[in-house]
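Presented below is the structure to which this report refers.
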Amino acid sequence: MAYSSEVYAAAKRILEERRRSAQRLAELKKADIYAEFPEIKAIDSELSKSMANLSVLVLRENRDIDSILGEMNAQNESAKRRKAELLSKKGLSPDCLEPQYTCKNCSDTGRKNGILCGCYKKVCRSEALKELDASSGSAACSFDNFDLSFYADNGASDGTNPCRKMQNYYNFCINYANSFSLASPSIIMMGKTGLGKTHLSLSIAKTVISNENAAFGVVYAPAQKLVSDLEREHFSFSGSDAQMRKYTDCDLLIIDDLGAEFPSQFTTAAIGNLINERLYEKRPTIISTNLSVKELTERYSERTASRILGEYKRLLFVGEDIRFLKNR
Ligand SMILES: Nc1ncnc2c1ncn2[C@@H]1O[C@H](COP(=O)(O)OP(=O)(O)O)[C@@H](O)[C@H]1O
Ligand SMILES: [Mg+2]
Ligand SMILES: [Zn+2]
């Protein structure tokens, strides 16, 4: 699992709150039931006293612990039976005095026998999706609402047909997202503005995060934000590398709109280092950009550009600005 520390912290908080609230509710309910049925309260105090009695009998009267335990168990069992009968007579369920946890498996602790519970993973996934939405406004983008009819269909059955071409990219992206692993290739989506690059990259991000059999940490950032995060960290001289780690260590990094960041020696070097390090560590990256191959080569170091162009899977988006088509 490689979610951000914020996701883990939020998931932990949510489970703690669930647990506390189940316990609070149980206390309130217990008070109501005791007030209404004092006989049940009496049995419960009998049961809790018996534990205290055990130590008294063992310590003071020096009696054999096994025989006392046997006696006591029999008494407790009978008290529990009486309690269950009473509850059922009052139309209450046998566990109505216990906290009703959301997850019966781990009682909302997030772990069972030292193993992470499915409910904890589920909360992590949903927090990771929330984080993605907050950083990208991704809620509006999914594979489901990616409409291929926005791309002209000229009848050709090869790559000269925009619709055909985009259909292939769409299929590639769905397949990529569903089978994503650290062995997946990096991708560069190139093309003019408004062709669906951000839309498809966010659709991939969502699908990868939603994979129930894995726990991939996905970070999305517009190039501009990414470099300003790195710049701020670098020039604060705080010695912290948390931002840098977030971008280098996540399982899938999406750099949106590469080239839109303000160019400087620092930003081009930072992006180059990030891209190189992720390739070296075999962590997939998806870049979307309006830059042409020529512009990419001019803007970043030759080494960076040639690695992107040589090692990333290249998708060359075609068509007309969909923002414009939608508003027509
Ligand atoms: N094939 C599509 N079907 C439906 N909406 C789309 C499609 N492609 C893009 N859009 C929408 O059009 C707008 C521009 O797309 P976007 O992905 O931001 O383009 P790009 O990143 O290539 O500039 C967004 O609101 C996006 O959701
Ligand atoms: Mg975009
Ligand atoms: Zn659980």
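Here are a few things to note about the model shown:
- When the chain is treated as a GNM with alpha-carbon contacts under 10 Å, the residue of Ser142, Ser48, Ser292 showing the greatest mean-square fluctuation is Ser48.
- Where no second cysteine Cβ lies under 4.7 Å, the cysteines concerned in the chain: Cys96, Cys124, Cys141, Cys163, Cys173, Cys250
- Convex hull (Cα only) mean projected area of the chain, reported in nm² to one decimal: 27.5 nm²
- Rounded Å value of the spacing that divides the Cα centres of region 1-33 and region 200-228: 27 Å
- When you count the other C-beta atoms within 10 angstrom of each residue and take the mean per peptide, 25-34, 161-170, 304-313 line up highest first as 161-170, 304-313, 25-34.
- Between the residues Thr102, Ile43, Val56, the greatest Cα displacement towards the positive end of the dipole of region 15-103, with unit charges on the Cβ of Lys, Arg, Asp and Glu, is found for Thr102.
- Largest-first principal axis extents, alpha carbons of region 137-326, Å: 57, 41, 30
- What the Cα atoms of region 38-181 give is an Rg and a Dmax of 31.2, 97 Å.
No lab work stands behind these numbers, since they all come straight from the coordinates. Note that the structure is predicted; figures quoted are calculated from it, not measured. Backbone-built Cβ (ideal geometry, glycine too); neighbour counts: all protein chains shown.
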